[in-house]
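In what follows, a structure is listed as structure tokens, so that the remarks can point back to it.
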Amino acid sequence: MKVFITGSNGLVGYSLRSVIQNIFEKSESIPDIEYVFSARTDLDLMNEHAVNSRFEQERPDIVVHLASRVGGLFDNIENNYTMLTTNSRLNMNIIEACKKYNVKCLINVLSTCIFPANAKHPLRSKNIYDGESHSSNRGYAMSKQLLHTASKILSKTTDTKVINLIPTNLYGIHDNYNIKTGHVIPALINKILIAKRECSSLFVSGDGKDIRQFLHAEDLSRVIVEFIKKFKSGKLDSFTDCIVSPPKNKRITIKGLVELLCHTMGYDGDVVYVPNDKNITGQKSKISDDKELRKHFKDFQLTPLKEGLKRTCDYVMSVDPNILRR
Ligand code: GFB
């Protein structure tokens, strides 16, 4: 059985690679799954012909579609249009190729930002289409909704089984640590490193009151591996949506996150909150829970935020700071 993975140089791609490597190292038997990792360097997903010829060559049984043009709140606000067009195009190229080459199982990674801005909490997959997503990331959200809809139709009209994983905000090593374009955790880590180095104050965007939940990328990767096993054992329905999140009480304000990161990284200087312009605010809160995950994997262990942040910060503090400037 062959598994083809897109976006393998991204946050989830890197962690999926190491999770799979770990499984291979521990296993005594000869693995019966071949994993093919692809990235932008060897396949341009915007190019329909390139995607089709790669599928023709690989003939994958399972596709894990991780590739996406992603960014944090500020990147989304600035590039809403590109987020929509780029992601829609590459997602449709993948869906079309899955259809054309009779892929048996497609695993997509969506995001909790696809839910309506005023969705009832905790979020539930059945409510995705109940209203408009938040304006800050409408482009990205719509491209993921398109992927969701197209893959659902694919699963109903062909033999392709589809799993749409909907993770809450992800973090981990090999993230985008750029201060302007990164998500809140990697951007703050980079800012704290700079504040430490320059003995300056830490300036945080916003009032710190927004609430988020965070999932370690490695946990999502392990969920992907579990779904691959489930597919292999023939226990999978034709279409599955699954929110992947910690329980609903495991949520934190941005201020709480800042305190945790400062403590973890040993920063004890001033922290200054710089209020956002009215036009650049994100969602106040997005609360999900682990109910949909537990339905599939009752005893799945999630990494506690404190531990995951420690591992991430230790990694970042051990590497050349130049890699954080991409
Ligand atoms: O990770 P983030 O950008 O994702 O977090 P979203 C935004 C929250 O963190 C806001 C605060 O409350 C910001 O005011 N924040 C504080 C910062 N300092 C910073 C900083 O230096 N950088 C950033 N980025 N935020 C994204 C979506 O939304 O979540 C994407 O835009 C995607 O589409 C992703 O779905 C999961 O949760 O706001």
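Summary of computed values
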{"item": "Computed FRET value (nearest 0.05) for Arg311 with Thr157, which takes r as the C-beta separation and R₀ as 56 Å", "result": "0.85"}
{"item": "Computed label-point distance, nm, for sites Lys99 and Ser200 using a 7 Å Cα→Cβ extension", "result": "5.1"}
{"item": "The chain: relative contact order as a whole-number percent, Cα under 8 Å and 6+ apart", "result": "19"}
{"item": "Gap separating the Cα centres of segment 263-297 and segment 219-235, nearest whole Å", "result": "28"}
{"item": "Unsatisfied cross-links (Cα-Cα over 27 Å) in the set Lys2/Lys250; Lys100/Lys120; Lys180/Lys229; Lys156/Lys248; Lys104/Lys295; Lys209/Lys250", "result": "Lys2/Lys250; Lys100/Lys120; Lys180/Lys229; Lys156/Lys248"}
{"item": "Asp299 accessible area, 1.4 Å probe, all protein chains in place, Å² to nearest 10", "result": "110"}
{"item": "Electrostatic dipole magnitude of segment 122-207 [Cβ: Lys, Arg +1; Asp, Glu -1; Cα centre; debye, to 20]", "result": "160"}
{"item": "Sites Ser53 and Ser233 - FRET efficiency at Förster radius 30 Å, r taken between beta-carbons, to 0.05", "result": "0.40"}
{"item": "Extended-chain gain in nm, criterion 0.36 nm per residue less alpha-carbon gap, Thr253 and Asp320", "result": "21.1 nm"}
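The values are calculated or read from the model by the stated rules, or taken from the named source; none is laboratory data. This structure is a prediction, so every number in the text was calculated from the model and none was measured. FYI the Cβ positions are ideal-geometry reconstructions off the backbone, even for glycines, and counts take in every protein chain you see. Surface accessibility is based on the protein's heavy atoms, side chains included, excluding ligands, DNA and RNA. Shrake-Rupley method; radii C 1.70, N 1.55, O 1.52, S 1.80 Å.
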